[in-house]
Each structure stands twice: as structure tokens, then as C-alpha cells.
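A short write-up of the structure that comes next.
The values are calculated or read from the model by the stated rules, or taken from the named source; none is laboratory data. Computed from a predicted model, the values in this text were never measured in an experiment. No Cβ is skipped: glycine too gets one built from the backbone with ideal geometry, and neighbour counts run over all protein chains shown.
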């Protein structure tokens, strides 16, 4: 997958026997410009069998590639489907497409290409309906229009279709926000392991950092076990697995009253409510 977070800066706050705080400043994925949050969701693009379905299939393919690069690190995970033409796009239809495709988010594309104008341009109108089964129970509708200028005439619109699909996809790409995140570590006889976990976190290797912190959850004082549990909760939050983050933060809170816990709790709650 594409890296979800990109480290920009690391600051170290020094103290003595109490936990020290290591702060990462990261770019964090936010909802797309469309308002839809597509992170960690499966997607499918559906086209209708219309006179311009070939154009739509090419556009949908290009759209899929752009979304795959952003959300799946280039892996071909966006599914492609075709359905018979429909006069209108209803909520029931989108529900059916979610069931048929088994995707969390379904895009339904339908375009119409008109007759050439005096400049030999082809007017295009595209309707895109989107349903997020994990979000609000409504159909999100997007409309666009443009003039196509195929080099080889109307018989070859593949290049134009790819341009349209790529342009449509940009509305659904992640936006990013810079935020700071704090982690605990101890400067003791195990300091090399604590520092190793921080380095892994700095390098976006949160899964490996979790493996290191897990050893401190099993042994040591309640404060160290709580601090390690908090760090694991933060790592899962940064991996966008908010349910696991909440579970590990619950464990941390059951062991010790940590000063950073409340802030992370608010962040997790905000994400789970979206």
C-alpha cells in the first residue's frame, strides 16, 4: 500500500525516570474533496451498457488506476462491473450493487456523447453516483460536462476517456493534514529496545514497532506496560485501525492514568464516528 503517513520531523522531550515523550509530525490522510472518506474501504466501479459504454469502461479503468495508486499502493484492487442501462439511479439500485459487488463503496458511471459542433468537438456529459455502505445511507451524485477533441475522430475516444477518468478520480483522492503524535519511551536498561520501536515508528513501520512494544506489555511495572499499550494504540490509530486502537487504549487506561491518553481517546472517537 501507499504509505499512509510521511514523517516530517521528530522532537525529543527529555526527562529523568518518568516516561519521556517522543513526538512525530506526520501527514495524515483525510477525507477526499468529495467529502467521502474512502480509506481502508473496498471499491467497485460499475458502468452501464449504453451506446457510450465503451467510453465509460475506458474512463472507469483510468479512474480505477488513479484510485488504486492512492489507496492501495498501485495494487489492482478496484473491481470493475457492467450492468444494464437504467433510466434513473435510486438508493435501492445502489444497495443492490453493493450486494452484488461486495464492495464497501460503489461508483456508478454513465456518460452521453453528443453530436460534434462546428469545431468538431464532441459534447460530453457524465453522471457519477457513489454509495458508501459504511457511511451515510444516501446516493452521492456528481455531474460533469466537457468537450472532447479526439485526434482520430469519434471512432477513437480511448485517450479522451482515460483523461476524463483520471480527472474524475482526483475528486476522490485523499487530502492530507499535518498533525503531531506523541509516543512514550523509557531511558532505562531497555532503552535500546524503546528507541528501536521509536525508530521503526519514525520510518512508518508501525507493525514492527508494535512487535517491539508488545514485549513491554507482558513484563515490567504498570506504568511501563500502560505506556507500551498506549504506544500500540497510537500505532493502530496511525494504521487507521481505530477499533484496535480503542482496545489497546482501554488496556492502557486500565493499568495507569496516562497524561496523553485523553487526547488519543478523542482522536479515536472522532474517527469512529465518521
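Couple of notes before you dig in:
- Against the conditions (1) in a helix (DSSP H, G or I); (2) under 20 Å from residue 261 (Cα atoms); (3) at pLDDT below 95, residue 192 satisfies every one except (2).
- Filtering 146, 169, 154 for residues that are at pLDDT below 95, on the phi < 0 side of the Ramachandran plot and surrounded by 15 or more Cβ atoms within 10 Å (Cβ to Cβ) leaves a single hit, 146.
- Conditions (1) surrounded by 14 or more Cβ atoms within 10 Å (Cβ to Cβ); (2) under 19 Å from the mean Cα position of the chain (by Cα); (3) not in a loop (DSSP other than H, G, I, E, B); (4) not assigned by TED's automatic domain parsing to the domain that holds residue 66; number of the one not met by residue 204: (3)
- Members of the stretch 193-216 that are in contact (Cβ under 8 Å) with a residue 24 or more places away in the chain and under 16 Å from residue 227 (Cβ atoms): 197, 198, 201, 209, 210, 216
- Yes/no for residue 258 being in the same structural domain as residue 19 (by TED's automatic domain parsing), touching a strand residue (DSSP E or B) at 6+ places or on another chain (Cβ under 9 Å) and either closer than 16 Å to residue 180 by Cβ or exposed (fewer than 15 other Cβ atoms within 10 Å of the Cβ) (or both): no
- Residue 89 closer than 16 Å to residue 173 by Cα, in contact with a strand residue (DSSP E or B) (Cβ under 7 Å, 6 or more places away or on another chain) and surrounded by 14 or more Cβ atoms within 10 Å (Cβ to Cβ): no
- Residue within the stretch 146-163 that is within 19 Å of residue 20 (Cβ to Cβ) and either touching a helix residue (DSSP H, G or I) at 6+ places or on another chain (Cβ under 7 Å) or in a helix (DSSP H, G or I) (or both) present: no
- Boolean, residue 166 is under 20 Å from residue 59 (Cα atoms), within 18 Å of the chain's Cα centre (by Cα) and not assigned by TED's automatic domain parsing to the domain that holds residue 262: yes
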